[in-house]
Amino acid sequence: MLAATLKKFSFPSLILACLLSVGAGQVMANEGDPPARAGRVSEVIGDAWLFDVDSKEWVRVTRNQTVAEGDRLRTDERARVSLSVGSTSLWLDERSDLEFTQLDEGRVLLLLAKGDLGLRLRSQEAVSEYKVRTREGQFFAEQQGLYRVEQLDRGSRAYAFQGRYRFEFARGEASQPVWLQDGDQAEFWWAGGPRTERQRLHNDGFADWLLAQSRAEGDRFASGVSQRYVSPEMTGADELDRHGRWESAPEYGNVWIPTAVAVDWAPYRHGRWAWSRHWGWTWVDDAPWGYAPFHYGRWVSWGGRWCWAPGSYVARPVYAPALVAWVGGPSVSIGINIGGHSPRPHYGWYPLGPREVYVPPYRHSPSHNQRINVDPDPVTVKRPHSNRDVVGAVSYLPGQGAAVRPMPASEVRPVRPLPTAPARNELTPVLPARPALDGQVKQAPADMPWRSENLGRRERERDRERERDQVQVPERERARPPSPDVSGPPALARPVPAPEVRREVQVPAQRAERSEQAERAERIEWPQRQQRQRSEAEQEPSQVRQAADRAMEQMRARQAERQPERQPERQVERPVERQRAMEPPMQQQAQAPRPQPEAQRPAQPQRQDDAGPKRNRAEDGQKANGERRRGEVER
């Protein structure tokens with residue numbers, strides 16, 4: 001029966017079925033791998049925060065910290081963050097909220113909840129991988145260039161400083177995409193349908209800073225020597241040329257040597273350990289160049305100096321949390337333990353050397369392991385040299401709350417090696433207390449412009465304009481010549497029509513000004529109504545985002561969440577209220593049948609004749625100037 005079944009299939013069909021089964025198995029095996037790419041925090045100005053999903057808390061962001069898929073980043077007022085993923089650079093302005101929805105090979109999806117995001121794409125692969133999503137839709141780059149996306153309360157705004165950018169609305173299957181070329185700027189919103197408004201490209205404080213950062217980084221990528229030895233897609237490699245030099249070692253190939261380090265410096269000593277839900281314990285180095293040499297390649301002591309050996313050239317290197325080997329065990333001191341308690345165990349680590357195999361502590365597939373250990377198998381080629389034998393190479397934690405220090409040579413051998421990194425609950429109790437970073441936060445230069453200052457300045461200018469508008473009408477009323485006294489002689493009442501004529505000319509102008517203000521208020525108000533409708537139509541936020549919002553509110557209880565940057569109610573209602581408050585008195589004054597003083601003097605008949613023309617002028621206040629003058633001549 002089996003032979004009869006096999007006869008039904010041809011030999012090529014069997015081969016194809018085998019290949020498909022092998023490919024499906026490989027895909028299933030790779031599904032458990034962590035992301036092969038990660039982002040680096042290149043620079044932090046002010047206070048920025050990263051949400052820890054495991055602890056449900058916001059932690060302060062520092063330089064060289066790793067940003068991975070699913071992380072959420074926030075910036076406070078007067079704070080900015082520079083990020084890099086391979087050769088791509090990202091910049092986040094103050095009061096911004098960015099989530100890395102996807103960050104892996106072949107796909108990068110950024111969710112901008114609020115604020116400003118700058119994006120510099122330097123490769124065609126990055127052009128096809130990066131997408132930016134806002135509430136209104138998605139942005140796609142079609143060329144290498146510099147772009148900016150801004151999430152407003154009323155919609156989304158995009159800037160194409162260089163390149164070609166495409167926007168697609170999230171709603172409406174019939175909506176057509178919109179393209180932006182070099183120097184274009186457009187705003188997108190949804191008001192019963194897709195709406196687009198093209199605007200003149202303008203620069204503000206963030207745009208100026210964005211352009212300056214892009215030029216500085218572009219020069220490093222264009223003239224960098226490191227690109228001869230490592231791929232530009234190795235995150236953090238652009239910092240190597242500024243802080244070190246390259247040399248050729250006979251046994252290890254091209255190596256990079258840092259120029260300024262401490263006397264007792266060793267790799268993975270001056271920094272801290274941070275927990276990541278993707279990779280476990282991840283190293284965060286203190287040096288400005290301390291990213292690429294600690295997540296790619298190996299370290300070797302050559303010529304009495306520590307050198308970084310990147311290994312073979314790989315176009316897309318795989319990220320590793322820390323390429324170290326762990327040691328640990330009970331204390332090596334041989335003394336009498338008072339009280340019968342054994343000494344607290346300590347943990348140590350040392351950098352892996354060239355051709356040493358790195359054992360990932362997280363779940364991974366064989367292909368993932370091969371991509372991290374790119375050099376040939378050391379068992380069949382040559383036994384590698386271990387850095388454990390180098391004096392001062394091993395760093396360890398002596399106890400709870402103590403700082404990292406080099407392990408003495410006499411204590412290295414008694415400590416047993418660990419097969420993999422310790423668990424989170426094993427290393428956390430002995431980690432040194434994280435120092436307060438308030439004094440270490442990098443402050444912005446005094447001349448750096450900020451959006452919050454511009455908004456505050458515009459708010460103050462609008463308040464001053466409102467005050468001038470409110471004071472202008474009473475000043476005009478006071479500047480108008482007083483009405484003639486009805487008790488005086490008739491000759492004194494004849495010059496009165498001139499102020500009346502001038503006031504009749506001013507009233508329509510004031511009404512036209514108020515109508516223009518009302519129209520502007522309506523133009524400001526309707527996007528807010530549409531935004532409220534969109535907010536009600538949106539689905540409920542995810543549990544992770546809800547937890548992040550709750551954690552931010554609890555952490556900054558003393559500094560509550562600030563109000564939105566713009567206050568539409570304040571801008572919309574005041575002009576309308578002023579219009580309603582000012583128009584009725586004018587109408588009553590124009591329709592007044594008779595001034596009040598004349599009604600209180602019935603005992604003077606000779607004055608009634610003089611009051612008649614004044615009553616006629618009050619009743620006929622809307623007549624033309626020629627009619628009133630003709631009435632005066634007849635009189």
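The values are calculated or read from the model by the stated rules, or taken from the named source; none is laboratory data. It should be emphasised that the depicted structure is a prediction, and the values quoted were computed from it without experimental measurement. No Cβ is skipped: glycine too gets one built from the backbone with ideal geometry, and neighbour counts run over all protein chains shown. Note: areas computed on protein heavy atoms with side chains; ligands, DNA, RNA excluded. Shrake-Rupley method; radii C 1.70, N 1.55, O 1.52, S 1.80 Å.
Miscellaneous remarks
- Carbon-plus-sulfur accessible fraction, region 46-128 (probe radius 1.4 Å, protein heavy atoms only): 42%.
- Modelled spin-label separation between residue 357 and residue 166, with each label point placed 7 Å from Cα along the Cα-to-Cβ direction: 4.6 nm.
- With a cut-off of 13 Å between beta carbons, the residues surrounding residue 242 carry a summed charge of -3, where Lys and Arg count +1 and Asp and Glu -1.
- Spin-label pair residue 413/residue 123, simplified geometry with 7 Å Cα→Cβ offset, distance in nm: 4.6 nm
- Estimated inter-spin distance, residue 315 and residue 270, nm [label 7 Å along Cα→Cβ]: 3.7 nm
- Calculated FRET efficiency for the pair residue 77/residue 367, C-beta based, R₀ 51 Å, to 0.05: 0.65
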